[in-house]
Amino acid sequence: MCGITGYVGCRDASPILIEGLKKLEYRGYDSAGIALLNGSDMEVVKKKGRVNVLESELGKHPFCARLGISHTRWATHGAVTDQNAHPHVSSDGNFALVHNGIVENYEDIKKFCQSQGYTFKSQTDSEVLVNLIAYHYEKRTDPNLPNRFLEAVRKALVHVEGTYGIAVISRFHPDQIVAARKGSPLLIGIGNSERLVASDVLGFAGRANNVIYLEDEQIALVTKDNCDIVTICNKQIDFEVKSIDWDLENADMCGFSSYMEKEIFEQPKSIENAIRGRISSDASTAVLSGLNMTPTELRQIDRILFCACGTAWHACLVAEYLIEKYARIPVDVEYASEFRYRNIPVHKNTLVIVISQSGETIDTLEALRESKRKGFRTLAITNSVGSTISRESDGGLYQYAGKEVGVASTKAFTSQVTICLLLALYLARMRDMSFSDGKRIVEAIKSAPEAVAKTLELAPRIKEIAKKYAKYKDFLFLGRLCEFPLALEGALKLKEISYIHAEGYPAAEMKHGPIALVSPDCPSVIFATSDEIYSKLLSNAQEIKARNGKIIAITDNPEIFSASVDDIIALPRVDASIKHIVAAVPAQLFAYYVARELGCDVDKPRNLAKAVTVE
Ligand code: F6R
């Protein structure tokens, strides 16, 4: 939520900051702004709307500067207006700040600052930070202190409850950016006589090859040649510099008309990346060294608790089916946001696994931290290399899906469920699964990229179907067993990018309520690939038809369903163990083409942001 960039160096800061902001727009796109410093002259431009609106506004105010900060906002406190856009400037005009996070005690801080004569222009929680910093600079720091700016920020942050990633500049220190983090990611990129600050490596736009990941409660003083980091308790930090693998971060559209389309079509490759080096055909099992657990430790696990949010939570539900079916280990799945506050009883030999594409979702991160505080062994499945969740978990598996930029998660989902299948296989082969069953699943996993590539060939047919159905305002998505999470995910995709109301339900549960919605105006999408229950799903389809409901079936058995449904998306026949990977794809394409038909901005759906770093 919210993207921050900062630059200090020898070049014109403004185009570099705008370039970085464009790469970070997936984090929020309600408004954007920039603050530039040239000596003690500060220029601030901020506008409601996307980064290109800011860019054209900047064209009207050319201002050459070698240092600046910028922001793209996802609104939390205060409406989407120019006034509430970042950067915020202290009322004495000496400091400018960009913020990602939520200041929970902002009302108290605001009252305090007002009592000290500072005034406010916005309704945001963020503006209190910049005035508090100005106050500490003016009243609470020694003018002779060499790092006076850093110290003022540090002293101010001691009073802040909540989360922040901030970058601050000051008219008194035209060669310094102070950056700090608690709960919201912030990185410092190291270039040649230049330093960049960003919420994500993408914000460096390929300009830095090395990076410092700030940890919580660390504050950095950044100049073009240096970086000093202290903790909020004023302890000097020896930080680690890591190199950036730009191949993994490649985020160009490669000729597709949107990131979402590109990412849907990348799935054969992203699934292949999830599998690469993780299969032993000889042993008929998976090879998952990232878990950092010995086979003996893994055998002692007698319960697994998965935690995640949104699409990643749907991947956890798939994992529940797979692990219980193959490895016979009981699995619970919790929303990360609920887990942190519920204090649920957890059995002592429980392994906690969190799934997060971004590796920065605050609820998932806090669920992980709470699990660690309780002494549980934790694992993370994440896509973002070096993300906070991947760094804080005891072990984990990277997805290697490549950067997912489209706000609606697609390739990350299929990659997560592929990794969960590998995990199920690995755990199962340590327990009761035979060599020959393991071999069948290994062969199936190896064939998954090809099967998904074949499924993608259905795109033109799915596009036609989407055109036909784009006029409807409500949809039901139905599936059973492993396809129930796919129904939830299909409904989520449709609602988030096309703003059509859609509900995912277990197919048989429909009779217990949702069937009331069935009418010629509410089509149903039925997932039907489970051999064991074709006949049951057929009955569900008949029940819908009897009420004049329209049906699209996503099935690998078109012969059985063709007489009972209106439209069929006929999947390639694959082994049962990978059906859920293949069947996820048509629902993504359906949502995508419906949204395009309605003229929606699929990569930046309204009200959403890619990484949810506020509660
Ligand atoms: C939906 C979507 C979200 C994310 C959720 C968790 O398309 O992308 O529901 O899945 O916000 O995000 P991560 O996986 O980054 O923790």
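A few remarks follow.
- Selection count, region 588-615, where residues are crowded, with 22+ Cβ neighbours inside 10 Å, more than 11 Å from Ser498 (Cβ to Cβ) and within 12 Å of the ligand (Cβ to nearest atom): 6
- Which listed residue is open to solvent by 40 Å² or more (accessible area, probe 1.4 Å), in contact with a strand residue (DSSP E or B) (Cβ under 9 Å, 6 or more places away or on another chain) and closer than 22 Å to Arg27 by Cβ, from Tyr106, Tyr164: Tyr106
- Within region 136-154, the set of residues being in a helix (DSSP H, G or I) and either at pLDDT below 95 or surrounded by fewer than 19 Cβ atoms within 10 Å (Cβ to Cβ) (or both) comprises Glu138, Lys139, Arg148.
- Phe239, sole failed condition from (1) open to solvent by 10 Å² or more (accessible area, probe 1.4 Å); (2) assigned to a strand (DSSP E or B); (3) of a type in the set (Phe, Trp, Tyr): (2)
- The single residue among Ser56, Ser31, Ser40 that is out of contact with any Phe, Trp or Tyr (no Cβ under 7 Å at 6 or more places or on another chain) and buried (at least 24 other Cβ atoms within 10 Å of the Cβ) turns out to be Ser31.
Conditions (1) within 29 Å of the chain's Cα centre (by Cα); (2) among the hydroxyl-bearing types (Ser, Thr, Tyr), marked per residue:
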position: Glu489; (1), (2): yes, no
position: Ser498; (1), (2): yes, yes
position: Ala508; (1), (2): no, no
position: Pro514; (1), (2): no, no
position: Pro520; (1), (2): no, no
position: Asp531; (1), (2): no, no
position: Ser539; (1), (2): no, yes
position: Gly549; (1), (2): no, no
position: Ile552; (1), (2): no, no
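- When residues of region 300-355 are limited to those that are modelled with pLDDT under 95 and of a type in the set (Phe, Trp, Tyr), the one farthest from His580 (Cα to Cα): Tyr341
- Single match in Thr364, Thr418 (criterion: of a type in the set (S, T, N, Q) and either within 16 Å of the chain's Cα centre (by Cα) or modelled with pLDDT under 95 (or both)): Thr364
- Where a residue in region 383-399 is within 14 Å of Ala367 (Cβ to Cβ) and outside any strand (DSSP E or B) and its partner, wherever it lies, is within 13 Å of the ligand (Cβ to nearest atom) and β-branched (Val, Ile, Thr), with Cβ under 6 Å and at least six apart: Ile389/Thr382
- Criterion: β-branched (Val, Ile, Thr), part of a strand (DSSP E or B) and more than 26 Å from Leu365 (Cα to Cα) - qualifying residue of Ile188, Ile229, Ile219, Ile169: Ile169
- Any chance Val585 is in a loop (DSSP other than H, G, I, E, B), under 32 Å from the mean Cα position of the chain (by Cα) and surrounded by 19 or more Cβ atoms within 10 Å (Cβ to Cβ): no
- Restricting region 82-103 to residues that are among the hydrophobic types (A, V, I, L, M, F, W, C) and buried (at least 24 other Cβ atoms within 10 Å of the Cβ), the residue that is nearest to Leu187 (Cα to Cα) is Val98.
- Test result for Val98, under 23 Å from the mean Cα position of the chain (by Cα) and not basic (Lys, Arg): yes
The values are calculated or read from the model by the stated rules, or taken from the named source; none is laboratory data. Here the structure is a predicted model, which means the values were calculated and not measured. Using ideal geometry, Cβ is built from the backbone for each residue, glycine included, and neighbour counts are taken over all protein chains shown. Surface areas here come from the heavy atoms of the whole protein model, side chains and all, with no ligands, DNA or RNA. Shrake-Rupley method; radii C 1.70, N 1.55, O 1.52, S 1.80 Å.
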